[in-house]
Structures are given as structure tokens and as C-alpha cells.
Amino acid sequence: MKYPDCTHVIGGQPVAGGPRFMDVHNPADGSRLGRVPLGDAATVDRAIQAAEAAFPAWSTLPIKERVQVFFRYKTLLEKHLRELSALITEEHGKLPGEADAEILKAIELTEFACSLPQLAGGEVLEVSRGVECRLERVPLGVVAAINPFNFPSMVPHWSIPNAIALGNCFIMKPSETVPYSSLRIAALLKEAGLPDGVFNVVQGDREVAEALCDHPRIRAITFVGSTRVAQAVYRRATGNLKRALCLGGAKNHVIVMPDADPEMAAGGVLAAMSGCTGQRCMAASVMVAVSATDHIVDKLAHQARRMVAGKDVGPVITAAAKARIEGYITEAVAQGATLLVDGRGATVPGKEGGWYVGATVLDHVRPEMKIAQEEVFGPVLAIVRTKDLDGAIAVENASPYGNAASIFTESGGAARSAMERASAGMVGVNVGVPVPREPFGFGGWNDSRFGVGDITGKGSLEFWTQSRKITTKWNREAGTNWMSK
Ligand code: NAD
């Protein structure tokens, strides 16, 4: 094994021991990197005790002092960018440029947290002569985040900097598939001066996630992962009377109009489909080609055929994921879809043990096929043909998900119409992956999000704090009415 066993991090210290363990692999060649401990309710309890011990001092520090840690942390992320990115490539399989982008996004999220003193100020008003009402934001206490495999660093940063800068103490549960990045996050936060116990990591699988949902002293939970688990975690956490915001899976549609710029549309859809090997909740998965768009489909298929596994498209996360994705392709072909580009059975010389699926394009997919309805989470594009924009919107609206939708067109009217009618929280025009950058919050609709508000941006201020309203009267002689008497 390349690395020693991964650990939990509790009270600023590495904590060894499972009780169970699982192997961690490098998806690029299938080799074993190390082992991750799978914690239990006792591990969660230990982390909560460490977080509770740190809470009184951390939560009473003025926010302007708390964010100083994140100014220093941001500098450390910049300094260690290549090393952090190489670790993501190793445990997740992302191509180096994609892994760099993930750390750059983590830096941007940290930068937003540095600006929180400018946004989190309270309110004050003289509501009656001599009577003042004041609203303060107060941290919740010990909070937790449960993370998916597909962004070992960026998705945890949707929660960590804001929750902690707002005064909470934090428990992170990484995906058991990509645990090593969390150790570097913990080490760099410590180096930046974060007091021990404010940030803790409990490694594990479902057992730890459920223990976090059940523990009476966890006040709020964010979850990011598949819709099935998002629903289960949301029900369990809110059933235990906690605040919860649970982001689920996605099936994102890109509408391509006949007037679209062919270069921009073909390149944009292909990048949105194949970037991070399609393992993004914002990945373009269905292209709805409206009317005379053969010239754009041809261009896209031509470019997809030239993509090289291992160079232009990284591996998928596990052997099981490769089998699942290839199964979707095989079934769609059997049901009559036209296979324009086939990525099944892709291999990379020298990395025969890796789990690769090449870029795949299927044309004439019917909306009722499984590949058009379910999240594939691989570099696969299903092209559905429609006669007009109304038909394309109907295909998009029929999906139970609602993360992202885009349109490629040169017509402002068509773009405006699609923006208004798409049933998705993040909508793009001539942009394949309409991820809002900070300070705009990230969050989908429908089966892509359970709970209120966005996970990042200003929405996170509401989620990670509660407001205290204080009414005071010091000026006895100012009485003018029933309240100020
Ligand atoms: P997953 O749902 O399998 O796992 C997510 C987390 O839940 C992991 O930490 C896992 O250990 C834990 N878990 C698994 N089963 C559980 C259970 N029964 N009860 C409690 N916890 C459980 O997701 P994944 O495969 O790691 O990630 C990919 C999914 O995440 C995709 O569906 C993708 O669309 C989604 N995702 C969504 C967003 C978004 O913003 N909406 C962002 C990133 C990823």
C-alpha cells in the first residue's frame, strides 16, 4: 500500500482504529492506496465531545477574528495547490487540470467565508422612542457535513469555511471512497491556526452518517450525494428535529437550437458531458437537439471520437461504476438508440487495471428510455430529438430532478423562454455547466435538493446561524407610548 492507514481527526489529533476498515484504490490503475477506517456511533460521540469542548471559546470570538484563520488557510491552499490536486488525482482519478480546478474552487469558497464579516452584521432599529431592537446572528453549536465521492475537496468546502467562520464547531464525514484529502484539509486548517476541536473528521460509511443524524447534540447537517440517500438522510435528520439541507442527484438537460453557434454548442456540450468523466452533479447528460441540428451533432460526435481515455477523460470511481455505466449504454442500444461514439471497454496502455469508460454519444434516444431518465454519472451523452422548443422544454420538465438546465442559441427570445420554463435551480445560456460562482449560492430544485435555501453564498448564513432578537430600553424619560413608557 502506498499510504499508511487513513485516520479520523478528533480534537486536532489523528485517531487510529476503525472499528472496521475498507481498502482505498487509485481508479486510474486499480492499485490499492491504503485503508480507510469506518467509524461508528462511539467515534461520532468522541468527535462531538471534542467539538463541544471547543465551542464556547470559538463561538464567542468576534467573527472578524475567526475569519483571520481563513485568510491564512486560503494562502495555504494556494501554496499547496499542486500537492492537494495530485492527491485528488490519486484517490479520485480526476485529470490534473480538473483536480486543480477543484482546489481553485475550494479557494474561492474560502475567499467568500473571509468576506462574512461584511455580510453577517446584525440589524438595529429604534422601534419606539428610546426602545431599540437588535438582531444578532448566533452560531448553532456542533454541526456536520456528509460528503460524496465526486469532489473530495470542493464539496466539503461548500460547508466547512462558512459554518466555522460563523462560529460553529464542525464534524466532516468524507466519502469512504476518497478519504485522504480530508486529512490534508484538517492539517492545513490547524496550520492556519484553527483551535483543536473546531474541525473534526470522522471517516466511515452509512453507519457514521446515521449516527450523525441520530445524535441529539448535532444541531444541523448538510448532505451531498445521491437522491436516494439524500431523502433518507433528510428524513432521518429532520425526524430527529435537526436542521438539514440535503443535495441529491441530477439529470441535466442541454437544449441545442438550430441557430446555435455550432462550435460553441458542440464544444460546450461535450465538455459539460465529459468533464470529470461525467461524475458531476452539473454534468450535461441529455442533449435535446431541436429540429435541424445534425451539423452540431456531427461536430460533437467527431470531437468525442478524438477524445483519448486517460488523457482527455479520466477513469470512473470504481469497477462497479464502470459496469453500471456500460450497462446503461448496452441497454439503450438494445432499445434502439443509435451509438455514434462507443466508450465501452476503454483501456489505457500501462494502466490496464484502471476503470475507464470513454466518451460515449447516443443519438435518437427516446425520452422514456432509462438512459434518458436516470442519472448515469459517466461520460455518456443521450441525444433526444424534438421538433421545437416547446417539445424540448417538455422533455426537460418531465425529469423529477432539477439541478441544472442550459440552452445554446443565438436567439434572446428562445433563451428567455427556456430560462423561464426550465424546472431547474441553475440555468445557463450558451454555458454547458451553469455553476454559479461565489457569491451566488449553489442549489437545485425538486429531487436534487431537500431542505430550504442554497448550500453556499448568502443562503448559508441563514442555515448555519440562528437569530437572537434583543429589545432594550435605557432611556426611562423618553416614554411616548405604551412601549416606551
Ligand atoms: P452516495 O449517496 O452514495 O453517498 C454520499 C454519502 O452518503 C457518502 O458519504 C456515503 O458514505 C453516505 N451514505 C451512503 N449510503 C448511505 C445511507 N444509506 N445512509 C446514510 N449515508 C449513506 O453518493 P456518491 O456516490 O458518493 O456521490 C455521487 C452522487 O452525489 C451523485 O448522485 C451526484 O449527483 C450527487 N452529487 C450531488 C451534488 C449536488 O449538488 N446536488 C453535488 C455532488 C454530487
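The values are calculated or read from the model by the stated rules, or taken from the named source; none is laboratory data. Quick caveat: nothing in here was measured; it's all calculated off a predicted structure. Here the Cβ is made from the backbone with ideal geometry for all residues, glycine too, and neighbour counts use every protein chain on show. Heavy atoms of the whole protein, side chains included, go into the accessibility calculation; ligands, DNA and RNA do not. Shrake-Rupley method; radii C 1.70, N 1.55, O 1.52, S 1.80 Å.
Just the residues that are under 19 Å from the mean Cα position of the chain (by Cα) and either touching a residue at least 24 places away in the same chain (Cβ under 8 Å) or buried (at least 22 other Cβ atoms within 10 Å of the Cβ) (or both), please, taken from the range 221-236. Passing the criteria: Ile221, Thr222, Phe223, Val224, Gly225, Ser226, Thr227, Ala230, Gln231, Val233, Tyr234. Say we look at the range 297-350 and pick out the residues that are touching a Pro at 6+ places or on another chain (Cβ under 9 Å) and among the basic types (Lys, Arg); which of these is most open to solvent (accessible area, probe 1.4 Å)? Filtering the range 297-350 for residues that are touching a Pro at 6+ places or on another chain (Cβ under 9 Å) and among the basic types (Lys, Arg), the one most open to solvent (accessible area, probe 1.4 Å) comes out as Lys299. Checking each residue in the range 30-47 for being surrounded by 15 or more Cβ atoms within 10 Å (Cβ to Cβ) and in a strand (DSSP E or B) picks out Leu33, Gly34, Arg35, Val36, Pro37, Leu38. For the range 237-259, taking the residues that are in a strand (DSSP E or B), open to solvent by less than 20 Å² (accessible area, probe 1.4 Å) and farther than 30 Å from Thr293 by Cα, the one that is nearest to the ligand (Cβ to nearest atom) is identified as Leu247. For Pro27, state whether it is closer than 30 Å to Thr277 by Cβ and open to solvent by 40 Å² or more (accessible area, probe 1.4 Å). No, not satisfied.
Filtering the range 170-184 for residues that are of a type in the set (Asp, Glu), assigned by TED's automatic domain parsing to the domain that holds Leu81 and over 22 Å from His157 (Cβ atoms) leaves an empty set.
For the range 295-353, a residue qualifies if it is in a loop (DSSP other than H, G, I, E, B) and within 16 Å of the ligand (Cβ to nearest atom), and the qualifying residues are Gly314, Pro315, Val316, Ile317, Thr318. Scanning the range 260-294 for residues that are within 14 Å of the ligand (Cβ to nearest atom) and either over 18 Å from Ala304 (Cα atoms) or charged (D, E, K, R) (or both) yields Arg280, Cys281, Met282. Checked against (1) away from the ligand (no atom under 15 Å from the Cβ); (2) out of contact with any Asp or Glu (no Cβ under 8 Å at 6 or more places or on another chain); (3) open to solvent by 10 Å² or more (accessible area, probe 1.4 Å), Thr471 passes all but condition (2).
Scanning for something in contact (Cβ under 8 Å) with a residue 40 or more places away in the chain and assigned to a strand (DSSP E or B), does the range 203-211 turn up at least one residue? It would help to see each step written out before you state the result.
Filtering the range 203-211 down to residues in contact (Cβ under 8 Å) with a residue 40 or more places away in the chain leaves 203-205, 207-209, 211.
The next check asks that each one be assigned to a strand (DSSP E or B); those that pass are none.
No: zero hits.
Of all the numbered requirements in (1) out of contact with any Leu (no Cβ under 9 Å at 6 or more places or on another chain); (2) open to solvent by 50 Å² or more (accessible area, probe 1.4 Å); (3) outside any loop (DSSP other than H, G, I, E, B), Ala405 misses one, and that requirement is (2). Just to be sure, is Ser128 crowded, with 24+ Cβ neighbours inside 10 Å and of a type in the set (S, T, N, Q)? For Ser128, the condition - crowded, with 24+ Cβ neighbours inside 10 Å and of a type in the set (S, T, N, Q) - is not met.
Residue by residue, here is whether (1) open to solvent by less than 40 Å² (accessible area, probe 1.4 Å); (2) β-branched (Val, Ile, Thr); (3) within 16 Å of the ligand (Cβ to nearest atom) holds:
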residue: Leu389; (1), (2), (3): yes, no, no
residue: Ser399; (1), (2), (3): yes, no, yes
residue: Arg416; (1), (2), (3): no, no, no
residue: Gly428; (1), (2), (3): yes, no, yes
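Checked against the criteria, Ile383 does not count as more than 16 Å from the ligand (Cβ to nearest atom), on the phi < 0 side of the Ramachandran plot, assigned by TED's automatic domain parsing to the domain that holds Val357 and not in a strand (DSSP E or B). Would you mind stating whether Trp445 is in contact (Cβ under 8 Å) with a residue 40 or more places away in the chain, open to solvent by 50 Å² or more (accessible area, probe 1.4 Å), of a type outside the set (Gly, Ala, Ser) and under 26 Å from Arg228 (Cβ atoms)? Yes: the conditions hold for Trp445.
Out of the residues in the range 161-220 that are acidic (Asp, Glu) and within 10 Å of the ligand (Cβ to nearest atom), which is least open to solvent (accessible area, probe 1.4 Å)?
Per the criteria, the residue is Asp205.
Among the residues of the range 408-421, at least one is at pLDDT 95 or above, closer than 21 Å to Gly278 by Cα and assigned by TED's automatic domain parsing to the domain that holds Gly345. Taking the criterion of being part of a loop (DSSP other than H, G, I, E, B) and surrounded by fewer than 19 Cβ atoms within 10 Å (Cβ to Cβ), the only residue of the range 370-380 that qualifies is Glu374. Of all the numbered requirements in (1) closer than 30 Å to Asp312 by Cα; (2) crowded, with 17+ Cβ neighbours inside 10 Å; (3) among the aliphatic types (A, V, I, L, M), Ala86 misses one, and that requirement is (2). Listed by position, the helices (runs of 4 or more DSSP H) enclosed by the range 67-129 that each have at least 1 residues that are touching a His at 6+ places or on another chain (Cβ under 7 Å) are 96-114.
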